[in-house]
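The block underneath contains the structure these notes are about, expressed in C-alpha cells.
Values in this text are rule-based calculations from the coordinates and carry no lab data. From a predicted model like this one, the values you see are computed outputs, not experimental measurements. Every residue, glycine among them, receives a Cβ derived from its backbone with ideal geometry; neighbour counts consider all protein chains shown.
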C-alpha cells in the first residue's frame, strides 16, 4: 500500500492500466480487467459508448467496481477535435482524468502528432483536466508536455497494436530522467515479459490493450500482465546487479580447500 501511483489528484495501487478495445463484448472486457487487477481502463469514446445511457454502456459494467474510466481521444487528428471531445465527455460523465492522444499518421504507424498534442494539453490543463498525454519516446517532448500541464506522460514502446515490445530501452530511461511526473509506457506491449521490462527500466506504469484483448486467453493474459508489472516494479526497486563482460564466481575464492 505504500507504493502508490499518483497521477495529479488521483491515486492508484495498481501500476497496470488496460484498454477496452478489440474485445468481443463488454462482459469479456470487464472479466479481463478485473483479472488484471487494473484500477483504470482507457476508453476510446469515439468508438466505445460511455456517454449515451440509451445504448449499451461500458460504464454500466464497471459501476459496482473501483475501476476508473479513463476516456481517450483516439481518432482525433487535431488539437481542436480532442479539446471539444473532452469537454463533451466531462459534461456528460463528470470524468476529468483523460488520456490525450492526437494521431498524426492514421494510415500506417498511428504515431502521435506531438505538436497538436502539446497544443491541446496547454488548453485542457488550464481547464483543470488531469491529463495523461500519449506521445513518442522523446524526452524533449515529454518535458514540454509536463511543462504544459500533463499529469503523466505516456511514451510509446512501439506502434499501437504491433506487439513488438520496447524498441528503444534507452529512450524509456531518458524520458524517465527528463520529467518529474509519472511515465506510463504505452502502445506496443506484446506479452507479459514486455511489461516487466518496462517496469524494470523504471517506468511508473504500463498501459496495454491489444496484448490482452487479442490473446488466445484474454483472462489468463490479463493475470499474467498483473504479475509482470508487480515483478518488474519490485525488481526495479530492489536494484539489479551491474552487467559484466566476464563471469563472476558465486562463491568466494578465499578459503578454498587445496588438493
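A few points about this structure:
- Taking the DSSP beta bridges with both ends in the range 5-238, the antiparallel portion is around 15 percent.
- With the simple model of a label 7 Å out from the Cα in the direction of the Cβ, residue 52 to residue 240 spans 4.7 nm.
- Nearest-0.05 FRET efficiency for residue 170 and residue 106, computed from C-beta distance (R0 35 Å): 0.80
- Ranked for footprinting exposure by Cβ neighbours inside 10 Å, fewest first, 2, 162 give 2, 162.
- Gaussian network model of the chain, springs between alpha carbon atoms under 10 Å - residue of 238, 224, 152 with greatest fluctuation: 238
- In plain terms, the residue of 43, 185, 197 with the fewest other Cβ atoms within 10 Å comes first and the most crowded comes last, giving 197, 43, 185.
- Residue order, fewest to most surrounding Cβ atoms within 10 angstrom, among 154, 234: 234, 154
- C-alpha long axis of helix 139-148 to longest principal axis of the chain, angle in °: 40 degrees
- Per-residue ellipticity at 222 nm computed for the chain from its helices equals -11500 deg cm²/dmol, with DSSP H segments shorter than 4 residues left out and the rest contributing -39,500 (n - 2.57).
- Span from the the range 168-243 Cα centroid across to the the range 121-152 one, whole angstrom: 21 Å
- Enclosed volume per residue, in Å³, of the convex hull spanned by Cα atoms of the range 26-164: 118 Å³
- Computed from the Cβ-Cβ distance with R0 of 45 Å, the FRET efficiency linking residue 249 to residue 193 stands at 0.95.
- Here the Gaussian network model covers the chain, with springs between Cα atoms less than 10 Å apart; of 17, 184, 160, 160 fluctuates the most.
- Of all the options 249, 203, 125, the one that moves most in a Gaussian network model of the chain with Cα springs shorter than 10 angstrom is 249.
- Computed label-point distance, nm, for sites residue 227 and residue 63 using a 7 Å Cα→Cβ extension: 3.5 nm
- Cα-based helix-to-principal-axis angle, 26-36 vs the chain, degrees rounded to 10: 30 degrees
- Whole-number D in µm² s⁻¹ for the range 105-147, Kirkwood Cα-pair radius fed into Stokes-Einstein, 25 °C, 0.890 mPa s: 222 µm²/s
- Alpha carbon Rg of the chain, scaled by the compact-globule rule 2.2 N^0.38 Å: 1.08
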